[in-house]
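Peer 1: Here's a structure for you.
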Amino acid sequence: MGHPHPSTAGRFLGRGAIDAKGPAVALLAGIRTAAEAEPGIADGSSVLIQAVAGEEGGAKRTISTRPLVRRGFVGRLNIFCEPTGLRYLPRASAAATALVRVEGRDAIDDRPDRGHNATVLLGFLAQHLARSLSPPAGGSVCIGGIHTGALHNRVYGTGELLVNIAYPSQDEGRRLELALEERLGDGLARFARCFSEVPAYALTAADAASVTRLEWLKHGLPTLASTDPGCEALVEGGAGIGRWRDDEPAFACDAIWMHDVPGSFTAVLGPGDLALNHAHAPEEFADIGELEDFASAIARLLVGFARARAERRDGRP
């Protein structure tokens, strides 16, 4: 996970410190605390821990939590560990990733007019999509990386542009997929008009539509909107965990695979903040205090859940 930095007492630095090796250790500590505080916690209740590989890549439907959910490894109350500032979030957005690919022919720098300039074409399309593709409320559009080549004296005829679209509902996801396809067509037509009279790019303009194609690396993924008054009362009242504001956008995570599981409540909960704690970056960090707070929240949640089940089992109101 990392180690406490010598000049920053009580802080762990390194990839995974907050997302999510640090919280995983805190989760285990919280379970131990709950078991010590409530010796009979296992009577009528059980705790299932899933530590999966590739939860980011799991959105491509190959690995991660999805196959476990499909095999029935779910609970009445399901907590997905992601940084939420210790607020429970009963929603999760999803994302579609588009790959815009140009497959033309190369040329040398002395005769740029004889090749398809994928760099100029993809750069134009990136700007066009950035200006014309509006994100939905609670979603986002990210114009990602462009790659053609690294040489200064070559016209690259092939290249790729990545676009990531986060959406709060499946209806919005479908709308944005159609919108991107339409805006891409508009962008290709505009490029043809703008560069048809420029000698170095006239061939690229003439063939822009035929050498460019759109491929969806992932799309059509579900979103999560979980509700259960009883479980929510347990999380808020019993465990004292605050709720993520309803007007604050959710984010994408593996919790989406619980979207159609009956008889269960799912929430995302964890310490820290993806942005403030620099998740996914070399300077990622987690403070010991926030990990301890998360462990305490998990312990309260488990004890409250076990006591509530015991009361129902004994016929108490």
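Peer 1: Could you list, in sequence order, all residues of the stretch 115-158 that are among the aliphatic types (A, V, I, L, M) and surrounded by fewer than 18 Cβ atoms within 10 Å (Cβ to Cβ)?
Peer 2: Here is the first cut: in the stretch 115-158, the residues among the aliphatic types (A, V, I, L, M) are 118, 120-122, 125-126, 129-130, 133, 137, 141, 143, 146, 150-151, 155.
Within the stretch 115-158, 130, 137, 143, 146, 150, 151 qualify.
Peer 1: Cβ-Cβ under 7 Å, sequence separation 6+ or interchain: first residue in the stretch 95-108 and within 11 Å of residue 156 (Cβ to Cβ), partner open to solvent by 10 Å² or more (accessible area, probe 1.4 Å) and aromatic (Phe, Trp, Tyr). Which pairs?
Peer 2: What qualifies is 106/156.
Peer 1: Any chance the stretch 144-164 includes a residue that's modelled with pLDDT under 95 and β-branched (Val, Ile, Thr)?
Peer 2: No, the stretch 144-164 has no match at all.
Peer 1: Checking residue 85 against (1) at pLDDT below 95; (2) more than 28 Å from residue 310 (Cα to Cα); (3) part of a loop (DSSP other than H, G, I, E, B), only one condition comes out false. Which one?
Peer 2: (1)
Peer 1: While we're on this one: One residue is enough: does the stretch 28-47 have a residue meeting the conditions touching a Phe, Trp or Tyr at 6+ places or on another chain (Cβ under 8 Å) and modelled with pLDDT of 95 or more? Full working, then the answer.
Peer 2: If we filter the stretch 28-47 for residues that are touching a Phe, Trp or Tyr at 6+ places or on another chain (Cβ under 8 Å), which is where we start, we get 30, 45.
Narrowing further to those that are modelled with pLDDT of 95 or more: 30.
Yes - at least one qualifying residue is present in the stretch 28-47.
Peer 1: I would also like to ask the following. For the stretch 274-317, how many residues meet the condition of being among the aliphatic types (A, V, I, L, M) and over 22 Å from the mean Cα position of the chain (by Cα)? Walk me through how you get there before you give the answer.
Peer 2: Step one: list which residues in the stretch 274-317 are among the aliphatic types (A, V, I, L, M), which gives 274-276, 279, 281, 286, 288, 291, 295, 297-299, 301-303, 306, 308, 310.
Pick out the ones that are also over 22 Å from the mean Cα position of the chain (by Cα) and you get 288, 295, 297-299, 301-303, 306, 308, 310.
Qualifying residue count for the region: 11.
Peer 1: Have a look at 79, 31, 41 and point out the one that is open to solvent by less than 70 Å² (accessible area, probe 1.4 Å), part of a strand (DSSP E or B) and either within 27 Å of residue 233 (Cβ to Cβ) or in contact with a Gly (Cβ under 8 Å, 6 or more places away or on another chain) (or both).
Peer 2: Working: 31 fails: part of a strand (DSSP E or B); 41 fails: part of a strand (DSSP E or B).
Result of the check over 79, 31, 41: 79.
Peer 1: Then there is this: Here's a check for you: in the stretch 159-208, which residue that is basic (Lys, Arg) and over 32 Å from the mean Cα position of the chain (by Cα) is most open to solvent (accessible area, probe 1.4 Å)?
Peer 2: Narrowing the stretch 159-208 to residues basic (Lys, Arg): 174-175, 183, 190, 193.
If we keep only those that are over 32 Å from the mean Cα position of the chain (by Cα) too, we end up with 190, 193.
Numbers: 190: 104, 193: 160 Å².
Per the criteria, the residue is 193.
Peer 1: Any residue in the stretch 229-245 that is over 11 Å from residue 297 (Cα atoms) and open to solvent by 60 Å² or more (accessible area, probe 1.4 Å) sitting within a Cβ distance under 7 Å of a residue that is of a type outside the set (Gly, Ala, Ser) and part of a loop (DSSP other than H, G, I, E, B)? List the pairs, counting only those 6 or more apart or interchain.
Peer 2: Filtered contacts from the stretch 229-245: 243/87.
Peer 1: Residue 52 - would you say it is outside any strand (DSSP E or B), within 21 Å of residue 295 (Cβ to Cβ) and either open to solvent by less than 40 Å² (accessible area, probe 1.4 Å) or at pLDDT 90 or above (or both)?
Peer 2: Numbers: outside any strand (DSSP E or B): yes; within 21 Å of residue 295 (Cβ to Cβ): yes; either open to solvent by less than 40 Å² (accessible area, probe 1.4 Å) or at pLDDT 90 or above (or both): no.
Against the criterion (outside any strand (DSSP E or B), within 21 Å of residue 295 (Cβ to Cβ) and either open to solvent by less than 40 Å² (accessible area, probe 1.4 Å) or at pLDDT 90 or above (or both)), residue 52 does not qualify.
Peer 1: Now, a different point. Please work out which residue is farthest from residue 287 (Cα to Cα), limiting yourself to the stretch 1-19 and to residues that are modelled with pLDDT under 90 and of a type in the set (Gly, Ala, Ser). Can you show your working first?
Peer 2: The first filter runs over the stretch 1-19 and keeps only residues modelled with pLDDT under 90, leaving 1-9.
If we keep only those that are of a type in the set (Gly, Ala, Ser) as well, we get 2, 7, 9.
Numbers: 2: 12, 7: 13, 9: 9 Å.
Once the filter is applied, the top-ranked residue is 7.
Peer 1: Looking only at the stretch 247-302, filter to residues that are modelled with pLDDT of 95 or more and assigned to a strand (DSSP E or B); which one of those is most open to solvent (accessible area, probe 1.4 Å)?
Peer 2: Once the filter is applied, the top-ranked residue is 287.
Peer 1: Do you know which of the residues in the stretch 209-228 that are part of a loop (DSSP other than H, G, I, E, B) and open to solvent by 50 Å² or more (accessible area, probe 1.4 Å) is modelled with the highest pLDDT?
Peer 2: Our first condition is that a residue be part of a loop (DSSP other than H, G, I, E, B); within the stretch 209-228, this holds for 219-223, 226-228.
With the extra rule that they be open to solvent by 50 Å² or more (accessible area, probe 1.4 Å), the set shrinks to 219, 227.
On the way: 219: 91, 227: 96.
The extreme case among them is 227.
The values are calculated or read from the model by the stated rules, or taken from the named source; none is laboratory data. Quantities reported herein were computed from a predicted structural model and do not represent experimental measurements. Note: ideal-geometry Cβ built from the backbone for every residue, glycine included; neighbour counts use all protein chains shown. Please note that ligands, DNA and RNA were not included when accessible areas were found on the heavy atoms of the full protein model with its side chains. Shrake-Rupley method; radii C 1.70, N 1.55, O 1.52, S 1.80 Å.
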